[in-house]
Amino acid sequence: MPTPLGSDSWFGVDQLGSGQLDSSQLDPDEREFAVATLAAINWQSLLTIASNVRNDSNPRNDSNPPELSCTFTDSFTMGQSNMVRRIQFSDGISWVARVLIIQPNKYIPTGRELLSFADVVGIEVASMKFLKAKTSIPVPEVHYYNTDPENDVGAPYILMDYIHGTPADKLSHAKCDPDMYGTPDQDRCFREQMVKIQVTLSTFKFDKIGSLHYDETTSEFFIGPELETGKGPWNSSMEYYNDLADHVLQVCERNASSKLRESPSFENPNLFKHLMQLYSSSNQGSFSLVDRDFGANNLLEFRIISVIDFDGVMAAPIEVVAQFPSLTGLDREIPSQTEILPITMERIKQTKSKLEEYKEMMHAAESKLGSADLLLSDATYVYYGLNAYKCHQACVNDSFMVAYQKLLRDYEK
């Protein structure tokens, strides 16, 4: 049976009330948010806005067909903080409405709550507009957006192109061996495309660290406060790393278990700050564009037809830029761990080969950017450990604490 693509794989609105969706498809919180969002949003108002935007962009005259109407298809999908529904126009064109989800009676922390809803949507729009205007990276076109949570629709939203495709991680899981993206030739092509996207982003240089923003009055892009910490922009790497580490530690203190908070590895972010002072290759100067959420979950199809999800785009230090894509079988091993199981040792061997291959692809694609040389460096590994800390898993934190301590000893030798 063929794997459903695009909105064909989304959830049916009628499935929510009938109990046809199990916890593997939507967990209880997601189900509650979906029901609340479907009930709270003025969907008809959103259709009216979409219709007006399309008709205004195609002025009518005597030779033109009647004004376009539109409807929602009977399906939706959920992201970490958004519900997405497909809009079908009477001429066959499709858009999507991406609406901020409603969280009734509870609050699910994501570690990215310090900016206003308006700023979060604004960062996503700025990133899409920037990439659409200045690169050949395939991204949806933004047609209209509203960042006001008190608008007539009932939440901030974006209207943009619908791209008929399925996230590569889901396709891989349905069709391929673990960590493969199609046939061997397709897999290599997929990774080469990822390299090209990463390298393209890193060619854009800025003198500050922070998220992309867009001034609607001047139509200019600028670097402003960063999504995760709510702070910035910063003039130096260490200013950013110190604020980031403090934020990650505070999020863990608020949300992690008491067992994790009582573990010595709870202090890993403080070790991170010290290690970055020792190992970071740069502090001030030029900072490159990167998508911190870049990975197979945000790429449509093995032959990449679109990148989705843009709130992770920012100008960042080289250690943030020189990271492997997520969910692609390119996870670095923790140096402090010694594996003895044959199956695990074979997996590590295969992963190491893929990491080296990806590094060589980066070398081939870039000229003087320098990020390929740092992909397997100690400094990028230290940053990788801070990202792992956000999972709030004691065993992971403990392993990275040992690795961090080893790096401290190695530096002192």
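Just so it is clear, none of the values below were taken in a lab; they were calculated from the coordinates. Treat the numbers as computed from the prediction; the structure is a model and nothing was measured. Because the Cβ atoms are built from the backbone with ideal geometry, glycine has one as well, and the counts that use them run over all protein chains shown.
Brief remarks on what is shown
- Rounded to whole numbers, the Karplus 3J(HN,Hα) couplings from phi for region 200-217 are 4, 4, 6, 6, 8, 10, 9, 9, 9, 9, x, 7, 6, 10, 9, 8, 5, 6 Hz, using 6.51 cos²θ - 1.76 cosθ + 1.60 with θ = phi - 60°, and x at Gly and Pro.
- The amide H of Gly295, built 1.01 Å from its N in the peptide plane, has Ser326 as neighbours under 5 Å, considering only residues 5 or more places off or on other chains.
- Cα long-axis angle, helix 237-255 against the chain (0 to 90 degrees, to the nearest 10): 80
- The fewest-to-most ranking of Leu327, Leu171 by surrounding Cβ atoms within 10 Å reads Leu327, Leu171.
- Förster radius 35 Å - calculated FRET efficiency between Asn235 and Glu333 (Cβ-Cβ, nearest 0.05): 0.50
- Estimated FRET transfer efficiency when R0 is 60 angstrom, pair Ser57-Asp410 (beta carbons, to 0.05): 0.50
- Computed [θ] at 222 nm, helices only, for the chain once each DSSP H run of length n ≥ 4 contributes -39500 (n - 2.57): -13500 deg cm²/dmol
- Our summary gives the chain a relative contact order of 15 percent, counting only alpha carbon pairs under 8 angstrom and 6 or more residues apart.
- Whole-Hz Karplus values for region 136-142 come out as 9, 4, x, 9, x, 7, 7 Hz, taken residue by residue from phi with 6.51 cos²θ - 1.76 cosθ + 1.60 and θ = phi - 60°; glycine and proline positions read x.
- Paired Rg and Dmax values of region 168-412, which use every Cα atom, in angstrom: 18.3, 61
- Segment Arg261..Ile93, full-extension length gain: 55.3 nm, with 0.36 nm per residue of separation and the alpha-carbon distance subtracted.
- Cα extents for region 108-256 along the principal axes, largest to smallest and rounded to whole angstrom: 44, 37, 34.
- The spread of Cα positions in region 228-297, taken along each principal axis and listed from longest to shortest, comes to 41, 33, 23 Å.
- Converting phi to 3J(HN,Hα) with the Karplus coefficients 6.51, -1.76 and 1.60 and the offset θ = phi - 60°, region 381-390 yields 5, 4, 5, 4, x, 5, 4, 5, 4, 5 Hz in sequence order, with x at every glycine or proline.
- Within-11-Å neighbourhood charge of Asp243 [Cβ basis; K, R +1; D, E -1]: -2
- Seen from Arg191, the other residues with C-beta closer than 9 Å to its C-beta sum to a net charge of -1, counting Lys and Arg as +1 and Asp and Glu as -1.
- Helix 342-365 axis, angle to the chain major axis (alpha carbon atoms, nearest 10°): 70
- Between Ser75 and Val13, Arg86, the built amide H atoms are under 5 Å apart, and every one of these is 5 or more places off in sequence or on another chain.
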